[in-house]
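Asker: Shown below is the structure under consideration.
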Amino acid sequence: MLAIITKSLPDLTPSEQRVGRWILEHPKEAANITLARLAVECETSEPTVVRFCRHVGLGGFRELAIRLTEALSNPATYVHRNVSANDSCSDAVIKVMDASIQSLVEMRSQLSEMPIDEAVDAMKEARQIAFAGLGASGHVARDACHKFFRLGIPCTALHDTTMILQFATIAESRDVLILLSHTGRWSEFALAAKLARERGATVIAITTPESAIATEASLVFPCNVVEDTSLYTPMSSRLAQLALLDAIQVALALARGSVGSDNLRRSKDALKSQF
């Protein structure tokens, strides 16, 4: 249910978005709240709350409480959101593959909303690029660092909040900080984005566009892949992040012209003598 609400937010009215964001920020309280109280908390009307419920596929407000309770209870399996305990091994593999393919299709459909040219322009002239992520996003940050540094731009991977906050406080105007967070719930990331921007750095967030991180970032790449990472190990969302960064790295290489291509060639040539 929470994933459905997150995906539906961009298509809702501003007042309905307030309802959705409040529920996402207070899921346990929302599961037991009254219609009247929810309207007050969201500074809207009761009919608006009901319309919100219908726009996210529910029959009414009462069903919202039921679905939220189900979402907050223990799932039947922690293996994968699309896989059930009764699936055969071959069926499970197909379902996971289908979910991964769907995540890339969804990412592809959002590309027109993404500030690719602006991000490439900032990275092309960067003094350094820092990729920041925690958990599974931390692995994505390391992978991006490994790929981007070969273009001749100093890169680093930040994978804990202490490193991220310290980088933000010493960032300079030609630095680029890329924050990776599928849920956008890390308050430290929003603070880091604010601190880095105040220092004049460009902050790029790959996250849900309704998050505090997105609000504080210079550029936002909306990543609305439906996956409840509070229950399941990140798979589809991580794959979408990797694919997006791969695409940006290629775009950056093209933007740097012969410098980018020559550096990529040299980095490959350096390995030939080792094998």
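Asker: Looking only at the range 1-54, filter to residues that are basic (Lys, Arg) and in contact with a helix residue (DSSP H, G or I) (Cβ under 8 Å, 6 or more places away or on another chain); which one of those is most open to solvent (accessible area, probe 1.4 Å)? It would help to see each step written out before you state the result.
Answerer: Residues of the range 1-54 basic (Lys, Arg): 7, 18, 21, 28, 37, 51, 54.
From what is left, the residues that are in contact with a helix residue (DSSP H, G or I) (Cβ under 8 Å, 6 or more places away or on another chain) are 21, 28, 51.
Working: Arg21: 75, Lys28: 154, Arg51: 110 Å².
That would be Lys28.
Asker: Only one of Arg185, Arg199, Arg174 is surrounded by fewer than 24 Cβ atoms within 10 Å (Cβ to Cβ), within 16 Å of the chain's Cα centre (by Cα) and not polar (S, T, N, Q); which?
Answerer: Numbers: Arg199 fails: within 16 Å of the chain's Cα centre (by Cα); Arg174 fails: within 16 Å of the chain's Cα centre (by Cα).
Within the list Arg185, Arg199, Arg174, the selection yields Arg185.
Asker: So which residues in the range 25-39 are closer than 28 Å to Trp186 by Cα and either modelled with pLDDT under 85 or not in a helix (DSSP H, G or I) (or both)? Write out each step before concluding.
Answerer: Kept after step one, since they are closer than 28 Å to Trp186 by Cα, are these residues of the range 25-39: 25-33, 37-39.
Answer for the range 25-39, where residues must be closer than 28 Å to Trp186 by Cα and either modelled with pLDDT under 85 or not in a helix (DSSP H, G or I) (or both): Glu25, His26, Pro27, Lys28, Ala31, Asn32, Ile33.
Asker: Name the residues in the range 114-134 that are under 17 Å from Ile213 (Cα atoms), open to solvent by 20 Å² or more (accessible area, probe 1.4 Å) and either aromatic (Phe, Trp, Tyr) or in contact with a Pro (Cβ under 8 Å, 6 or more places away or on another chain) (or both), would you?
Answerer: Hits for the range 114-134: nothing passes.
Each row is one residue, and each column tells you yes or no for (1) over 19 Å from the mean Cα position of the chain (by Cα); (2) among the aliphatic types (A, V, I, L, M); (3) on the phi < 0 side of the Ramachandran plot; (4) at pLDDT below 90.
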| site | (1), (2), (3), (4) |
| --- | --- |
| Val56 | yes, yes, yes, yes |
| Glu63 | yes, no, yes, yes |
| Asp98 | yes, no, yes, yes |
| Ser109 | no, no, yes, yes |
| Ala122 | yes, yes, yes, no |
| Arg127 | yes, no, yes, no |
| His139 | no, no, yes, no |
| Gly152 | yes, no, no, no |
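Asker: Go through the residues of the range 40-51 one by one and say whether even a single one is over 23 Å from Arg185 (Cβ atoms), part of a helix (DSSP H, G or I), modelled with pLDDT under 85 and of a type in the set (A, V, I, L, M, F, W, C).
Answerer: No, that holds for no residue.
Asker: Could you pull out the residue among Ala171, Ala144 that is in contact with a helix residue (DSSP H, G or I) (Cβ under 9 Å, 6 or more places away or on another chain) and farther than 17 Å from Thr207 by Cβ? Quick ask: steps written out before the conclusion?
Answerer: Numbers: Ala144 fails: farther than 17 Å from Thr207 by Cβ.
Criteria check complete, one pass: Ala171.
Asker: Does the range 232-260 hold any residues that are part of a helix (DSSP H, G or I), at pLDDT below 85 and open to solvent by less than 60 Å² (accessible area, probe 1.4 Å), and which are they?
Answerer: Quick first cut of the range 232-260, residues part of a helix (DSSP H, G or I) only: 236-255, 257-260.
Going one step further and asking which of them are at pLDDT below 85, we end up with 236-238, 260.
Passing the criteria: Ser236, Ser237, Gly260.
Asker: Which condition from (1) open to solvent by less than 80 Å² (accessible area, probe 1.4 Å); (2) modelled with pLDDT under 80 is the one that Ala85 breaks?
Answerer: Here Ala85 clears every test but (1).
Asker: Pairs under 6 Å by beta carbon, first residue within 21 Å of Phe221 (Cβ to Cβ) in the range 1-23, partner polar (S, T, N, Q) and in a helix (DSSP H, G or I), six or more apart or different chains?
Answerer: From the range 1-23, the pairs are Leu9/Gln17.
Asker: Here are some residues: Pro75, Pro10. Which one is in contact with a strand residue (DSSP E or B) (Cβ under 8 Å, 6 or more places away or on another chain) and at pLDDT below 90? Step through it out loud before you land on a result.
Answerer: On the way: Pro75 fails: in contact with a strand residue (DSSP E or B) (Cβ under 8 Å, 6 or more places away or on another chain).
Residue meeting the stated conditions: Pro10.
Asker: Follow-up question, since we're still on this one. Please specify each residue of the range 99-156 satisfying the condition of being of a type in the set (Ser, Thr, Tyr) and farther than 29 Å from Leu271 by Cβ. If you could, list the steps in order and put the result at the bottom.
Answerer: Our first condition is that a residue be of a type in the set (Ser, Thr, Tyr); within the range 99-156, this holds for 100, 103, 109, 112, 137, 156.
The answer is Ser100, Ser103, Ser109, Ser112.
The values are calculated or read from the model by the stated rules, or taken from the named source; none is laboratory data. It should be emphasised that the depicted structure is a prediction, and the values quoted were computed from it without experimental measurement. Cβ atoms come from the backbone with ideal geometry, glycine included; neighbour counts cover every protein chain shown. Surface accessibility is based on the protein's heavy atoms, side chains included, excluding ligands, DNA and RNA. Shrake-Rupley method; radii C 1.70, N 1.55, O 1.52, S 1.80 Å.
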